[in-house]
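Have a look at the structure below before the remarks.
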Amino acid sequence: MQIVKRSPILVRPLGFEITRDMTQTMSFMVGALLISTGLCEILVPSFMELNLSILHSVLIGAVGASLIYNGFKENSRAAYLTCLISGVAFAILSLVGFIFGERTNAFVRFDRNEDYLLDLPGLNPMGAFDHGVHAVIAVVLLLGALDWYRHHKNDSLTSSDTPAI
């Protein structure tokens, strides 16, 4: 039987003792996805076949950076609030696009008519695919916020738990 010596580097702990909950992990992963999408859309327009302007790409990157930052913090409530606020913002953007978007003969991409074309000031006109991507991001972020809420809703003190003075 042969004895294998291990390197001291492999035995040493890495120092990642901070525990993360699902909301923080989801916040980090969605934030990384949003930052990479925003950068790729700036460098290579129509990278994911989205119709994003430079301003929209920068805003998506800023939301992604906020999600990553709060996903790394030790406070999971910050990740919850960021997921909740960002999820609501993406949901509103998606709903506004699907409700107030117009059917038009404008060819945004692939020489086809766009259903639900929404033209907001400062942004490129967004079509149904853009609204669908916003809706998926909103659902994922809101599910992360819901997970935190379900696990931490009983953590706060109620008036019956406070000692009498």
message: Cut-off is 10 Å between beta-carbons; in what order do Y149, Y69, Y80 appear when sorted fewest neighbours first?
response: Y149, Y69, Y80
query: In nanometres, what is the gap between the two model label sites at Y149 and L33, each 7 Å from Cα along Cα-to-Cβ?
result: 2.0 nm
task: Report the full-extension gain for the segment L81 to F47: residue separation times 0.36 nm, less the Cα-Cα distance, to one decimal in nm.
output: 9.3 nm
message: Can you compute the modelled spin-label distance between I54 and F100, with each label point 7 Å from Cα toward Cβ, in nm?
response: 2.6 nm
task: Note the full-extension length gain between V139 and V88 as 0.36 nm times their separation in residues minus their Cα-Cα distance, in nm to one decimal.
output: 17.5 nm
Protection proxy ranking of 36-48, 134-146 - average other beta-carbon atoms within 10 Å, highest first: 134-146, 36-48
message: Counting just the Cα atoms, what span does the range 22-152 cover along each of its three principal axes? Round to the nearest Å and put the largest first.
response: 49, 30, 22
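Each reported figure results from applying straightforward, stated rules to the coordinates on display, with no laboratory input. Everything numeric in this text was worked out from a predicted model, so none of it was measured. Because the Cβ atoms are built from the backbone with ideal geometry, glycine has one as well, and the counts that use them run over all protein chains shown.
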